[in-house]
Amino acid sequence: MGILDNGIFGPMRNKTGLLVGFMRNGKNIVRAVPHIRAERSIRQIVQQQRFGLLPAFFSPVSELIAMTFRTHAKGITAMNAAVAYNYKNALRMEDGATVIDYPRIVYGRGNLDAGYMGNVVVDGNFAVFSWERSSFVDDNGIFLIYCPDEKLFVVYQDIVLEGNTYRAQLPVSCKGSVLHCYFSFISADRKRVSDSNYAGEIVF
């Protein structure tokens, strides 16, 4: 309990709330109680790092996420919906650290036919995507390539499809790197999207 000596204009002794009063060199001093920050536990640090992985990963393609996850963003942003889905499904532990499980990453969810039997191979400076799909009519393609070494995304979107293959040029800066390749579909009017597919891993 703090004590005011000689009324409200007198010196204060002891502690009251977040203030503490004392005398030093004949002077009355009142200051805030020092705030001692508890050190974070290892678990708290791991959780913080875990929560930050996916927002940082998806940030460069936030405009794409806004389009491909919008139908599953109920009361939240498309980015938050993408992070929440992948937080549950696309993280794993490796050597005591949380890492992204790239084959399980999903950058889009929707009710359009997603296709199946997706595959990708390298042909010179191109990644050649192929897939099977029951129908696509006027649907367009979205092709995404990620280079972990460079933390670089290459996105080809609104691609008019001719058959069940697409050749995507690879970035020269990723020469010699492992690349993760994904694809999905979007209706020509951009109102419907498919779930994204993991086509595979290639070495450029």
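Neighbours of Y116 by Cβ distance under 11 Å: Lys/Arg scored +1, Asp/Glu scored -1, total -2.
Summing +1 for each Lys or Arg and -1 for each Asp or Glu, what net charge is found among the other residues whose Cβ lies under 9 Å from the Cβ of N140?
Local net charge: -2.
Simple spin-label estimate for N125 and E201 gives 2.6 nm between the two label positions (7 Å along the Cα-to-Cβ direction from each Cα). Expressed in nm², what is the orientationally averaged projection area of the convex hull enclosing the Cα positions of the range 43-180? The number I arrive at for the range 43-180 is 9.7 nm².
Computed from the coordinates by the stated procedures, all read-outs in this text should not be read as laboratory data. Small disclaimer: the values here were computed from a predicted structure and weren't measured. We place every Cβ from the backbone using ideal geometry, glycine too, and count neighbours over all the protein chains shown.
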